[in-house]
Amino acid sequence: MSDRCEHEPLLRLLFSGAPASGLRRLLDSHATAQAAIAAGARDWASHGLAAPACNAIRTPDVAALRNAADWLQAPGHHLLGWRDADYPPLLRRIGSPPAMLFVAGDPARLWRPAVAIVGSRTATAGGCANAGQFARQLANAGFCIASGLAAGIDAAAHSATLEAGGVTVAVLGTGPDIAYPTRHQTLLERIAATGAVVSEHPPGTGPLRQHFPSRNRILAGLSLGTLVIEAALRSGALITARQAADAGREVFALPGSIHNPMARGCHHLIREGAALVESAQEVIDVLSPSVLELARALRGELDSVPIQPLAALPAPHQDNANYNRLWPALGHDPTGMDELEERTGLTVAELSAMLLTLELEGRVVAEHGRYCRIGG
């Protein structure tokens, strides 16, 4: 995660109100956020920041900075800047990724292959049951379940994943500390304890209508595929599905009764080319090649070792020094990420990518954020 000395300059940039595209360009041009701040107004303007944003960087809202900084002091609270090594790689690939993310929980969860499960806030009992069934089966297959913490389908997917002992990520249109609806505060805390809660908005940000469509692009961008279960024709779930398709991700829709208005959005998606699915296995079958591609991409960020068949690996990646540091650090007893980081000297980003590929190869099992190896 970003060094704490980077928090203050990152927050100054965020609170300037500059668009994410300009902030990304500015951060890409400097080694650190501190260096970007030190570059001065002429440099900021050259990267597309307007005069009001430049003025806000020079004279920031001290109270807003202090509130965000106080939130970041708590255990498990993180700020990922655009150039941070732990910034989720899939999210980098969308057309308009956020310049920074607030995360409550484990940022490594954002690297896992995920399926977004979305749908109506006023879902039927059958729709919620379907969401729970798909979430449990996909979680048991090793997928992270991402959703938006909303009522209805979102809450059913999050809750079922937690009950199954799986990993779930909530992407919010509020600050990372604000549950919407408010009755989901306990659910938010449960997700943060074992998964991750993500927002591009600073702590204390309330539920503003305009934030939710942009929230949906993050949800779609973190996921290999989006599954829509019950949605009206005018639904935020359809926005998420469209943004997933725009990002080149898979879109799935569950058909329903022609008499159910909450099925019309799904039928519309199917007519537009979304895959009609009736079981979680169909989703798994379609996404399996994408999971392997993600594993290859993550490994490519660390080394050039190609994926090999399990039988061809008597010991994990014998020709790679980082894997040889990780393997002895893993035991047959579950070990947390913090301890692995301390034992190996590797970063969370490096560990996350290697653990994911080892898990996909059947050499490592992950439970409740702790890892242990299988076999010798």
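The values are calculated or read from the model by the stated rules, or taken from the named source; none is laboratory data. Worth saying up front: this structure is predicted, and the values here are computed from it rather than measured. Every residue, glycine among them, receives a Cβ derived from its backbone with ideal geometry; neighbour counts consider all protein chains shown. Ligands, DNA and RNA are stripped out before the accessible areas are found, and what is left, the full protein with its side chains, is counted by its heavy atoms. Shrake-Rupley method; radii C 1.70, N 1.55, O 1.52, S 1.80 Å.
For the stretch 111-162, the C-alpha radius of gyration sits at 1.01 times the compact-globule guess of 2.2 N^0.38 Å, with N the residue count.
Note on N260 and E163: the model spin-label points, each 7 Å out from Cα along the C-beta direction, lie 1.8 nm apart. Rounded to whole Å, give me the distance from the Cα center of the stretch 24-91 to that of the stretch 232-296. One Cα centre to the other: 35 Å. For every other residue with a beta carbon closer than 15 angstrom to the beta carbon of P261, add +1 if it is Lys or Arg and -1 if Asp or Glu, then tell me the sum. Neighbour charge sum, excluding P261 itself: +2.
For the Cα trace of the chain, dividing Rg by the Kirkwood Rh returns an Rg/Rh value of 0.97. Below 13 angstrom from the Cβ of E189, what's the summed charge of the other residues (Lys, Arg +1; Asp, Glu -1)? Net charge around E189: +1.
Please compute the per residue accessible area over the stretch 155-222 with all protein chains in place, 1.4 Å probe, rounded to a whole number of Å². All intermediate terms of the calculation are to be shown ahead of the outcome.
Values: 2350 Å² over 68 residues.
Ligands and nucleic acids excluded, the result is 35 Å² per residue.
The distance from the alpha carbon centre of the stretch 141-169 to that of the stretch 319-353 is 27 Å, rounded to a whole number. Looking at the chain, the DSSP beta bridges with both ends there are about 45 percent antiparallel. Across the stretch 9-129, the mean sequence separation of Cα contacts (distance under 8 Å, 6 or more residues apart), normalised by length, yields a relative contact order of 26 percent. Helical runs assigned H by DSSP (4 residues or longer) give the chain a calculated mean residue ellipticity at 222 nm of -13500 deg cm²/dmol, each run adding -39500 (n - 2.57) before division by the residue total. Each residue, Q210 and E341, gets one label point 7 Å from its Cα in the Cβ direction; the gap between the two is 3.6 nm. Pairs of alpha carbons in the stretch 234-281 separated by more than 16 Å make up 36% of all such pairs. Using the Stokes-Einstein relation with a Kirkwood hydrodynamic radius computed over Cα pairs, the translational diffusion coefficient of the stretch 40-83 at 10 °C and a viscosity of 1.306 mPa s comes to 128 µm²/s. Spin-label model, D28 to A321: label points 7 Å out along the Cα-to-beta-carbon direction sit 3.1 nm apart.
Per-peptide packing, taken as the mean over residues of other Cβ atoms within 10 Å, places 226-236, 147-157 in the sequence 147-157, 226-236 from highest down. Based on the Kirkwood approach, the hydrodynamic radius assigned to the stretch 160-203 is 10.5 Å, with every pair of different Cα atoms included. Using the empirical formula 2.2 N^0.38 Å as the baseline, the Cα radius of gyration of the stretch 125-193 reaches a ratio of 1.01. The amide H of L227, built 1.01 Å from its N in the peptide plane, has A116, I117, V118, F252 as neighbours under 5 Å, considering only residues 5 or more places off or on other chains. One decimal place: the segment H332-T59 gains 93.0 nm when fully extended, by the rule 0.36 nm per residue minus the C-alpha distance. Shown for the chain: the carbon plus sulfur share of the solvent-accessible area, taken with all protein chains present and a 1.4 angstrom probe, equals 52%.
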